[in-house]
Every structure is written in C-alpha cells, then in structure tokens.
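A short worksheet on the structure shown next.
The values are calculated or read from the model by the stated rules, or taken from the named source; none is laboratory data. Computed from a predicted structure; not experimentally measured. Cβ placement follows ideal geometry from the backbone for every residue including glycine, while neighbour counts extend to all protein chains displayed. For accessibility, only protein heavy atoms count, side chains too; no ligands or nucleic acids. Shrake-Rupley method; radii C 1.70, N 1.55, O 1.52, S 1.80 Å.
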Amino acid sequence: MPGPPLSLFRLLDQLLEEDGTVSVRELLDHAGEQTYGLALLILALLTFIPGVANVLSLGTLALGLQLWWGRAHLWLPEPLQRFEMQRGRVKELLAQVEARIAWLGTRTAPRQTPGRRTLGFLVSWTAFLAALPVLLPFANVLPAIGLVLLGVSLLEEWPLLAWLGAGFSLVTTIYFALSAQLVIEATRAALRALLP
C-alpha cells in the first residue's frame, strides 16, 4: 500500500503547471524550510544527465558540506540560482521520482534516521564520486539514485529512504573502488606490453 501523498511534490506540481522555464531560485522559494532537501533533489535529478553531471555534482558537494557543517540556511551561488529548466521536464522528473518511491510504503519503519550531519557527509561523499571524470557504465546513475533518495528523505523526513540512500552511497563507493583497481591494472598491463 503506498504511503500518503508527498505534500511538497503536490506543491511543486502546481508551480510547474505553466509553460516555459523555472529557475532553481523559484523552486527553492516554494520549498520554505525544506530548501536543503529540494535543492539536493533538483541537483540529483540533473545528475542523471550525462555531460553536466560532473559540474553540477560540485554544487551538490557544496550543499552537502553546508549540511555537514550545520548551516541553518542553504547558500547557492547566484549563477546556480538563476539556472533555468523547462517546467514540463522538471514536472516529469518529479512525477517519476514520486512514482518510484511510492511502492516503498509507509514512512513508519525504520524510525531511527541518520543525523543531519551524517546525511551531509553522505551527500558530500556521493556528490564527490559523481563529480569524478571517469568513463564507467552507470558512473553518474548510481550516485544520482543515492542523492535522489537522500534528497527525498530530507524533504519528507523519511528514514527508510535515508538508509537506502546511504546504501547506494556505499554501493557506489565499492563500484568505483573496484573499477579503479581494474583501470590501474589495465594501465600497468598496457605499459608492460609497450615498454620492453
């Protein structure tokens, strides 16, 4: 049985009814106290786009560090706040996120959620991995999924999603570590073959 409707998703759905573009600042203004969660969700959704994921992940990294350091109010650079997106595309992405997390059911278990500083560290670390310029399958998808889960957990205070986001962060770390070892070994083998 799906959980109750996600109130912020409903609010943003109304905001995105019009045609044209919407800026990150406009979306954050509608989030109120949930600016960290919404900003993270927006940046995480954009991380799915190849080519811009590495640059945008630096903004996500800065967001995570602010959360980790305990800043009460989110600060984003002015160019990032002015960044505009097609309303229809953002609405479509948010609808997909809501549909994908609805099957997780109610938000009652587990009750214990990671602290905000722990979440800040997880966001920073996962964004750092997403920012690495590596040519691997799913190099931007895995961290993006983890960041989306962490973003929604911050928005809706949903502990299960926080733990799932932490799990994706761990899986991404292991994947990158194993892949890095393979790349290093392949490079050494190539050098041995080229050099007498």
(request) Quick one: which helices (runs of 4 or more DSSP H) lie wholly within the range 92-196 and hold at least 2 residues that are open to solvent by 30 Å² or more (accessible area, probe 1.4 Å) and modelled with pLDDT under 70? (result) 159-194
(request) Any residue in the range 57-71 that's farther than 10 Å from Arg116 by Cα and touching a residue at least 40 places away in the same chain (Cβ under 8 Å): show its pairings with residues that are in a helix (DSSP H, G or I) and open to solvent by 40 Å² or more (accessible area, probe 1.4 Å) at Cβ separation under 7 Å, as long as the two are six or more apart or on different chains. (result) Leu61/Phe128
(request) Taking the residues in the range 1-34 that are open to solvent by less than 30 Å² (accessible area, probe 1.4 Å) and out of contact with any strand residue (DSSP E or B) (no Cβ under 9 Å at 6 or more places or on another chain) as candidates, determine which candidate is modelled with the highest pLDDT. (result) Leu28
(message) Taking the condition of being under 13 Å from Glu156 (Cα atoms) and either at pLDDT below 75 or surrounded by fewer than 20 Cβ atoms within 10 Å (Cβ to Cβ) (or both), how many residues in the range 36-63 meet it?
(response) 0
